[in-house]
Amino acid sequence: MNNLKELFHMFKKPLIVLLVVGIIYGGIKYIIPAVQNAGASKTPIVSITVKNNKIYTQGSRISKKDFKITAIHKSGKKSNVSSDDFILSTNKPALTGRTTAVKVSLKSSSDINAVVKVKNKREKIMSFNCGSPSSKDVQAVLYSNGELCFEGNGDVLEFDDDNNDFPWKNFESDDKNSIVSVSFENSVAPTSMDNWFSDIETLEYVKNIPVSVESMSGTFENCILLKKTPSVSACKNLLNMTDAYNGCIALEYASKIPKSVKNTTRAFSECTELQTGADLTRAEGITTSTGMYNDCKKMTKTTMPPNVKIIDEMYEGCINLKEMPEIPGTVISMESTYSGDVSLNSLTIIPKNVENVVNCFQGCQKAAGILWVDANPSDYNGFISDAAVATTVDLQGNSQMLDVLANTSDENVNITVNGNAPNKELTNAYDVEIED
């Protein structure tokens, strides 16, 4: 014991010195910065700086802990910002491009923010020459993040979809090199994109459509993971959108259709998640919309192209559509337009130029109210068959064929003409004298 005491006395002074040094070091490293931060935080924050040097692979998560946020106070002093005190605009890497723009905002004041571009892991896997007239002018480049980017200058070659000639489609079922997203450099200017990405079941996102495109027939047909259509509002020469998104069963949003488009046949057919149709109010060029929204089972809202002529099967099988949109006076054919729309309740007008109404309201079990008809159609079989099961539809208007049309209901007493039972003897257009 005496030896231990002697040993302690021997090292007493050095131990005290060491302890003092430790206290001073701790104060410099921890206490003083904490005091400085506390002092700085007493003045308002006017801005922040953001650092993040991490590289993100597709499918990884952008986390708050990856960021170093520094607050700049009104006093000019700086302090660290805790992860509890800021929010990120996204936690997922962008599906296209070399970087992801992340907006960092203070919870206490969202107008104090900063945008940092974090790096995406995007390595070139392979490329395909596809330019026209020179194939080397444009390359379709497949990157490790699943992005297919069209790079270069000018037009792109035509390919034969029947023979699966599109070079990038060889990888549609390759788990390691599947196409998840598509982008185009501004200098790439294809005129046709017919069937380019049809049946690519891994495609989730398309950044942009080149303004040069004139035809999009079947471009994204059966892309079952695509949820949003890219904007085509700047495509002033786009004419054909036949089958453009046909079978895109996950599609939830459809962009505005430009006035140059003429044909939207089956453009959104079987898009079963689509609730609101594309804005067609300025699509003045559309004349044919056959089956445009056929079997869009969740659709509840829609608009009509102002000059359309053919709307056969346009809303066939749209079982949640309740309101019949106003039909433009240009329409000449409405065959099966609302066939099977079991929720359709509110009716409007059938204009005088309509020539074909075969099965137009077939199966519209909840149809009710006044259906105004000005047309004298030459084709009308099944016009209102199996409709108005427990409701009443009264046909009114300037048509001389109201009784004939009402009698297509197979003697349904719920279908009336100007409030009365239809004349049972008038079952054929030949029974009616049509005045010009």
*Using only the alpha carbons, work out the radius of gyration and Dmax of the range 321-376 in angstrom.*
10.5, 27
*To two decimal places, what compactness ratio does the chain give when its Cα radius of gyration is scaled by 2.2 N^0.38 Å?*
1.51
*asked:* Step by step: find N for the range 161-260, compute 2.2 N^0.38 Å, then divide the Cα radius of gyration by it. What's the final number?
replied: 1.01
*Any idea of the accessible area per residue across the range 142-266, 1.4 Å probe, to the nearest Å²?*
42
_Share of pairwise Cα separations in the range 304-436, more than 23 Å, in percent_ = 21
*Measure nothing but the geometry: give the 0 to 90° angle between the long axis through the Cα atoms of 2-26 and the longest principal axis through the Cα atoms of the chain, rounded to 10°.*
50
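Give, rounded to the nearest 20 debye, the magnitude of the charge dipole that the range 166-314 has about its Cα centre when Lys and Arg contribute +1 at Cβ and Asp and Glu contribute -1 at Cβ.
Details: 15 positive and 19 negative charges, 133 e Å.
In total the dipole reaches around 640 debye.
Above 16 angstrom, tally the Cα pairs of the range 110-189 and express them as a % of all pairs, no decimals.
58
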*Starting from the Cα gyration tensor of the range 92-226, multiply each eigenvalue by 5, take the square root, and state the resulting semi-axes largest first in whole Å.*
30, 16, 15
_Checking the table LYS227/LYS309; LYS228/LYS322; LYS68/LYS119; LYS64/LYS92; LYS92/LYS228 against a 19 Å threshold on Cα-Cα, which pairs fail?_
LYS227/LYS309; LYS228/LYS322
*May I ask you to order 242-250, 348-356, 195-203 by the average number of other C-beta atoms within 10 Å around their residues, highest value first?*
242-250, 195-203, 348-356
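Please compute the Kirkwood hydrodynamic radius over the range 50-121, one decimal place, Å, based on all pairs of different Cα atoms. Let's see the in-between values first.
Numbers: mean 1/r = 0.0783 Å⁻¹.
Kirkwood hydrodynamic radius for the range 50-121: 12.8 Å.
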*Where the accessible area of the chain is counted over protein heavy atoms with a 1.4 Å probe, how much of it, in %, is carbon and sulfur?*
49
*State, to one decimal in nm², a quarter of the convex hull surface area for the C-alpha atoms of the range 225-295, i.e. the direction-averaged projected area.*
3.9
*asked:* Can you say what percent of the DSSP beta bridges in the chain, counting only those with both residues inside, are antiparallel? Round to 5.
replied: 50
*Under unit Cβ charges (Lys, Arg +1; Asp, Glu -1), what dipole magnitude, rounded to 20 debye, does the chain have relative to its Cα centre?*
5660
_Given the options PRO93, SER83, ALA71, identify the residue whose Cα lies farthest towards the positive end of the charge dipole of the range 66-129 (+1 on Cβ of Lys, Arg; -1 on Cβ of Asp, Glu)._
PRO93
*Cross-link partners of LYS121 among aspartates and glutamates (Cα-Cα below 15 Å; sequence separation of 8 or more within a chain)*: GLU147
*Take every Cα-Cα pair in the range 363-406 and report what % of them are more than 13 Å apart.*
53
_Just to confirm, what accessible area per residue do you get for the range 286-436 at 1.4 Å probe, in whole Å²?_
44
*Have a look at THR391, ASN240, TYR205 and report the one farthest towards the positive end of the charge dipole of the chain, computed about the Cα centre with Cβ charges (Lys/Arg +1, Asp/Glu -1).*
TYR205
*Using just the C-alpha positions of the range 361-436 as equal point scatterers, what log10 of I(q)/I(0) does the Debye formula give at each q in 0.17, 0.24, 0.25, 0.27 1/Å?*
-0.54, -1.11, -1.20, -1.39
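The values are calculated or read from the model by the stated rules, or taken from the named source; none is laboratory data. Please read these numbers as outputs of a predicted model, since none were measured by experiment. Glycine gets a Cβ as well: all are built from the backbone with ideal geometry, and neighbour counts include every protein chain shown. Ligands, DNA and RNA are excluded from the accessible area calculation, which covers all protein heavy atoms including side chains. Shrake-Rupley method; radii C 1.70, N 1.55, O 1.52, S 1.80 Å.
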